[in-house]
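The values are calculated or read from the model by the stated rules, or taken from the named source; none is laboratory data. Just so we're clear, the structure is a prediction, and the values are computed from it rather than from any experiment. With ideal geometry, Cβ positions are generated from the backbone for all residues, glycine too; neighbour counts draw on all protein chains shown. Accessible surface areas use protein heavy atoms only, side chains included; no ligands, DNA or RNA. Shrake-Rupley method; radii C 1.70, N 1.55, O 1.52, S 1.80 Å.
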Amino acid sequence: MRISIYHILLLAISLTALPLRAQDDGRLVNYPMPPDSVMQLQPRCDYIINRYWQRCNFEYAMLHPDKFNEAFGAWVTIMPHASADTVHAAIDELLGRFVKKGPETLALARMAREWLYSDTARIHSNEIYQPFAKAAAGHKKIKKEDRELFAADYKRISSSAVGAVVPPIELTLPDGTQSNFGEIKGASLLVFFNEPGNVDCSVARIRLATDTNVRELVERGELSIVSVYPGTPDKEWAEAAAAMPDKWHKVAIPDAADYFDLRIKPQFLYLNGHHKVLASNLSLAYLLGAFETANKAQKNRQTTTADE
């Protein structure tokens, strides 16, 4: 099924009240028709997501995996336009149908990974994928080798998803001292996964180090930069760390990829002082703009206080 079909689907959801059906799939799914009174896009998407599988013959679906995958893809494609509560409730309801059935749960998790998490995913969403990974990782009727893949995904997402608290992961300082992430203090933390040999990381490192707003926020103690080398500490890394700003935290976490999704480089996480993840997958341009706004706002507050 081509992606244009999903765009047509969303257009129909938002503009019409016509019933929609999946393409010649043996009536695997009859798309629910929102009432005419439901006019806005999000409520219409909520209506469809919540009722999407009500009339599905899952025995037939399992015998026709390609059609099931297409129908599943159409379903998750609508989710970014729906409310979070509706999405999570609908996912829980679907997984609940197969809570005692290993093959069916594994099939759902594989489809979710293909659509939402893999390198070729159409829609990258850790939040939507997480409950599917969790269900497969803990299912006793799924083979261990199959569970392990989803267990690794779930661990990685759980450690760095928005709202999660980064665990006290063991780390190494440039002088060889062993510590853990819980020892890093700060009012707020920008965790920067920084590989010295990566060009994009080098550019990000230079821009962060030379940005006036970032430097002033760090100097006032309002922001801590944590440069994480996701590899085994060696002489090359120690030399690179020595060239970074003195007030940055420079650490090496060899097993960082077990806890964080590092497929995008550079990768940034923004945490509060209790190491709770407030934002992830942030672009450098966005971060620099946000830090500029924050720094100007703080300066304005200081000026106003001084004038009073």
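Among the numbered criteria (1) open to solvent by 10 Å² or more (accessible area, probe 1.4 Å); (2) out of contact with any His (no Cβ under 9 Å at 6 or more places or on another chain), which single criterion is violated by V76?
Condition (1) is where V76 drops out.
Checking L171 against (1) open to solvent by 10 Å² or more (accessible area, probe 1.4 Å); (2) touching a strand residue (DSSP E or B) at 6+ places or on another chain (Cβ under 9 Å); (3) not in a helix (DSSP H, G or I), which test does it fail?
(1)
Looking at the range 123-150 only, could you name the residues that are closer than 24 Å to V87 by Cβ and open to solvent by 40 Å² or more (accessible area, probe 1.4 Å)?
H124, N126, E127, Q130, K134, G138, L149
Just checking, how many residues over the range 199-222 are within 22 Å of K265 (Cα to Cα) and either among the hydrophobic types (A, V, I, L, M, F, W, C) or open to solvent by less than 40 Å² (accessible area, probe 1.4 Å) (or both)? Give the steps one after another, and end with the answer.
Going through the range 199-222, the residues within 22 Å of K265 (Cα to Cα) turn out to be 199-211, 214.
Among the residues that remain, those that are also either among the hydrophobic types (A, V, I, L, M, F, W, C) or open to solvent by less than 40 Å² (accessible area, probe 1.4 Å) (or both) are: 199, 201-204, 206, 208-209, 211, 214.
Residues that pass the stated criteria total 10.
Restrict the check to the range 47-55 and report whether at least one residue is touching a strand residue (DSSP E or B) at 6+ places or on another chain (Cβ under 8 Å), part of a helix (DSSP H, G or I) and either surrounded by fewer than 20 Cβ atoms within 10 Å (Cβ to Cβ) or in contact (Cβ under 8 Å) with a residue 24 or more places away in the chain (or both). Give the steps one after another, and end with the answer.
Taking the range 47-55 as the starting set, the residues that turn out to be touching a strand residue (DSSP E or B) at 6+ places or on another chain (Cβ under 8 Å) are 48, 52, 55.
Remaining after also requiring part of a helix (DSSP H, G or I): 48.
Subset that is either surrounded by fewer than 20 Cβ atoms within 10 Å (Cβ to Cβ) or in contact (Cβ under 8 Å) with a residue 24 or more places away in the chain (or both): 48.
So far as the range 47-55 goes, yes, one or more of its residues are touching a strand residue (DSSP E or B) at 6+ places or on another chain (Cβ under 8 Å), part of a helix (DSSP H, G or I) and either surrounded by fewer than 20 Cβ atoms within 10 Å (Cβ to Cβ) or in contact (Cβ under 8 Å) with a residue 24 or more places away in the chain (or both).
Going by the structure shown, is S83 more than 26 Å from H139 (Cα to Cα), surrounded by fewer than 19 Cβ atoms within 10 Å (Cβ to Cβ) and modelled with pLDDT of 95 or more? Show your work before the answer.
On the way: more than 26 Å from H139 (Cα to Cα): yes; surrounded by fewer than 19 Cβ atoms within 10 Å (Cβ to Cβ): yes; modelled with pLDDT of 95 or more: yes.
For S83, the condition - more than 26 Å from H139 (Cα to Cα), surrounded by fewer than 19 Cβ atoms within 10 Å (Cβ to Cβ) and modelled with pLDDT of 95 or more - is met.
Residue by residue through the range 234-264, note down the ones that are free of Cβ contacts under 8 Å to residues at least 60 places away in the same chain and over 16 Å from P196 (Cα atoms).
D246, K247
Name, by its number, the condition in (1) open to solvent by 20 Å² or more (accessible area, probe 1.4 Å); (2) out of contact with any Leu (no Cβ under 8 Å at 6 or more places or on another chain); (3) free of Cβ contacts under 8 Å to residues at least 60 places away in the same chain that does not hold for P230.
Tallying (1) open to solvent by 20 Å² or more (accessible area, probe 1.4 Å); (2) out of contact with any Leu (no Cβ under 8 Å at 6 or more places or on another chain); (3) free of Cβ contacts under 8 Å to residues at least 60 places away in the same chain, P230 fails exactly one: (2).
Quick one: which of A279, A285, A297 is open to solvent by 30 Å² or more (accessible area, probe 1.4 Å), more than 18 Å from T172 (Cα to Cα), of a type in the set (A, V, I, L, M, F, W, C) and within 20 Å of the chain's Cα centre (by Cα)? Spell out how you get there, then give the answer.
Working: A279 fails: open to solvent by 30 Å² or more (accessible area, probe 1.4 Å); A297 fails: within 20 Å of the chain's Cα centre (by Cα).
When all the criteria are applied, what remains is A285.
Given the criteria without any contact (Cβ under 8 Å) to a residue 60 or more places away in the chain, under 20 Å from the mean Cα position of the chain (by Cα) and more than 12 Å from D261 (Cβ to Cβ), does K144 qualify? Spell out the reasoning first.
Details: without any contact (Cβ under 8 Å) to a residue 60 or more places away in the chain: yes; under 20 Å from the mean Cα position of the chain (by Cα): no; more than 12 Å from D261 (Cβ to Cβ): yes.
No; evaluated as a whole, the condition is false for this residue.
Identify all residues within the range 119-167 that are under 30 Å from K185 (Cα atoms) and not small (G, A, S); write none if there are none.
Residues of the range 119-167 that are under 30 Å from K185 (Cα atoms), as a first pass: 125-127, 130, 151-167.
Answer for the range 119-167, where residues must be under 30 Å from K185 (Cα atoms) and not small (G, A, S): N126, E127, Q130, D153, Y154, K155, R156, I157, V162, V165, V166, P167.
Given the structure, is V99 of a type in the set (A, V, I, L, M), at pLDDT below 90 and assigned to a loop (DSSP other than H, G, I, E, B)?
On the way: of a type in the set (A, V, I, L, M): yes; at pLDDT below 90: no; assigned to a loop (DSSP other than H, G, I, E, B): yes.
No; evaluated as a whole, the condition is false for this residue.
Does A161 qualify as being among the small types (G, A, S) and at pLDDT below 95? Break it down into steps so the answer makes sense when it comes.
On the way: among the small types (G, A, S): yes; at pLDDT below 95: yes.
Taking the combined requirement at face value, the residue satisfies it.
Suppose the filter is in contact with a helix residue (DSSP H, G or I) (Cβ under 7 Å, 6 or more places away or on another chain), of a type outside the set (F, W, Y), within 23 Å of Y117 (Cα to Cα) and in a helix (DSSP H, G or I); does D153 pass it?
Details: in contact with a helix residue (DSSP H, G or I) (Cβ under 7 Å, 6 or more places away or on another chain): yes; of a type outside the set (F, W, Y): yes; within 23 Å of Y117 (Cα to Cα): yes; in a helix (DSSP H, G or I): yes.
Yes: the conditions hold for D153.
Of the residues that sit in the range 96-114 and are under 27 Å from L41 (Cα atoms) and touching a Phe, Trp or Tyr at 6+ places or on another chain (Cβ under 7 Å), which one is surrounded by the most Cβ atoms within 10 Å (Cβ to Cβ)?
A112
For the subset of the range 123-150 comprising residues that are among the aliphatic types (A, V, I, L, M) and not in a loop (DSSP other than H, G, I, E, B), which member is nearest to L269 (Cα to Cα)? First the steps, then the outcome.
Residues of the range 123-150 among the aliphatic types (A, V, I, L, M): 123, 128, 133, 135-137, 142, 149.
This time we only want the ones that are not in a loop (DSSP other than H, G, I, E, B), so: 128, 133, 135-137, 149.
Values: I128: 19, A133: 22, A135: 26, A136: 27, A137: 25, L149: 24 Å.
The selected residue is I128.
State which residue is surrounded by the fewest Cβ atoms within 10 Å (Cβ to Cβ) when the search covers only the range 180-198 and only residues that are of a type in the set (S, T, N, Q), touching a strand residue (DSSP E or B) at 6+ places or on another chain (Cβ under 9 Å) and over 12 Å from L271 (Cβ atoms). I'd like the intermediate steps shown before the answer.
To start, the set of residues in the range 180-198 that are of a type in the set (S, T, N, Q) comprises 180, 188, 194, 198.
Narrowing the set further to residues that are touching a strand residue (DSSP E or B) at 6+ places or on another chain (Cβ under 9 Å) leaves 180, 188, 194.
With the extra rule that they be over 12 Å from L271 (Cβ atoms), the set shrinks to 180, 194.
Working: N180: 13, N194: 28.
My answer is N180.
Hey, can you tell me all the residues within the range 233-276 that are among the hydrophobic types (A, V, I, L, M, F, W, C) and open to solvent by 70 Å² or more (accessible area, probe 1.4 Å)? Quick ask: steps written out before the conclusion?
We begin by selecting, within the range 233-276, every residue among the hydrophobic types (A, V, I, L, M, F, W, C); these are 237-238, 240-244, 248, 251-253, 256-257, 260, 262, 264, 268-269, 271.
A242, A243, I264, listed by residue number.
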